[in-house]
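Structure, as structure tokens:
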Amino acid sequence: MSNDLYKFPITLVLVGLLSSDTAGVLSSIWLFDAPHLRCLKDLIIYLPPEYTESCPRGYIAVFGLVGFGGQRKMLLNADPLKENIEDKMNRLISEKKCGPMVLVLLDCFTRFGGNQYINSSATGRYEDYIIKEIVPFVDKNYNICAHAVWGHSSGGYGSIVLGMRHPEVFPALADHSGDSAFEYSYLPEFPKALDAFREAGGPKRWLEDFWKKPNRHQRKDVPPLNVLAMAAHYSPNQKSRERGVDLPFDLKTGEMVQDVWKESMSSYSLVDILISWPSDFYEYICISFLCDTFVAPRSLVRDATRFV
């Protein structure tokens, strides 16, 4: 197939049309040839009720980042007995609980089971993909006046990182239970991941076997998949034979590889990053934090919010 077909975004599926003045709509799914990822990705766009290109104020584009193991279609909630995101947005806007906005639901799923929305040689340049490809595309094709980003879990981590590094693009962010204190959220999973890797013959073999399973929703697979994915984002190494990542522990002895662990903590742990961030940063960006003790231990909630 010719690569020329994918040089520009193309409409793949038209999901709906603006059928009335009181209902918004999931407008389009776009197929992308993403240069920063070297693969095809798609988008889902929600347009609010009475959306028009001629509105002088324009609309805020809100980018949604899903948690680990998720992808943008999960936000659509196809369950006929539950409210999907299209219906929820229509209801909230009609009840005056939020203003009209454009929702942008991204496809950032990777072979490691999720995304932290940063650049990595192991997963791809997803930070560049969002900032340099998706945001300009949305601005060009829709009536946009500003941007915001929100996410849950890994998506919450991504919203913080993108907002901190690119406040000129995302002057507002919302983080719901975003990954933060690594010593509480990742460290306890290391022994289980080590056992799984040893049994499979190494992380690379484990991941290959994982994707061959007919059912990949098994509790025992969560620690090794999560540990491997975090290493892919926080300690990628193109020279490594284990899927291009450096693990924070030795596969033979189980000992911590302190250089890898300390680099992950100092460079990517949100608690450490936010405490050391310039104080005037918070004068230029609107931040919302939520942390549910059901999905995060109390000690994690305490440490993740101690910078506020």
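Each value in this text was obtained by applying a stated rule to the coordinates, not by laboratory testing. These numbers were taken from a predicted model, which means no experiment stands behind them. Please note: Cβ atoms are built from the backbone with ideal geometry, for glycine as well, and neighbour counts cover all protein chains shown.
Starting from the range 185-278, pick out the GluC sites (Glu not before Pro) whose DSSP state is loop and whose Cβ has at most 13 other Cβ atoms within 10 Å.
Glu255
Amide H of Ile144 versus every other amide H placed in the peptide plane: which residues, excluding those fewer than 5 positions away on the same chain, fall under 5 Å?
Tyr59
For Thr253, Thr110, what's the fewest-to-most ordering of other Cβ within 10 Å of each Cβ?
With the sparsest Cβ surroundings first, the list reads Thr253, Thr110.
Students often get this wrong, so check it: of Lys140/Lys204; Lys192/Lys212; Lys88/Lys140; Lys192/Lys262; Lys213/Lys262; Lys73/Lys96, which have C-alpha atoms separated by over 30 Å?
Lys140/Lys204; Lys213/Lys262
Given charges of +1 on the Cβ of Lys and Arg and -1 on the Cβ of Asp and Glu, with all other atoms neutral, how large is the dipole of the range 183-267 about its Cα centre, in debye to the nearest 20?
The dipole magnitude comes to about 440 debye.
Please report, in debye to the nearest 20, how large the charge dipole of the range 118-264 is about its Cα centre when each Lys and Arg carries +1 at its beta carbon and each Asp and Glu carries -1 there.
560
Just to be sure I understand the curve: with the Debye formula and one point per C-alpha of the range 183-267, what is log10 I(q)/I(0) at q = 0.22, 0.23, 0.26 Å⁻¹?
-1.09, -1.19, -1.49
Among Ala232, Ala196, His217, which residue has its Cα positioned farthest towards the positive end of the charge dipole of the range 183-267, with +1 placed on the Cβ of Lys and Arg, -1 on the Cβ of Asp and Glu, and the dipole taken about the Cα centre?
Checked the options; the winner is His217.
Over the range 183-267, calculate the relative contact order: mean separation of alpha carbon pairs under 8 Å at least 6 apart, over the residue count, as a percent.
Averaging sequence separation for qualifying contacts and normalising by length gives 27 percent for the range 183-267.
Note down, for the range 74-165, the three equivalent ellipsoid semi-axes (square root of 5 times each alpha carbon gyration tensor eigenvalue), biggest first, whole angstrom.
Equivalent ellipsoid semi-axes, largest first: 25, 18, 12 Å.
Can you sort Phe32, Phe109 so the residue with the fewest Cβ neighbours within 10 Å comes first?
Going from least to most buried by this count: Phe109, Phe32.
By a straight-distance test (C-alpha under 12 Å), which aspartates and glutamates pair with Lys41 as possible cross-link partners, with residues fewer than eight away in the same chain excluded?
Asp33, Asp107, Glu133
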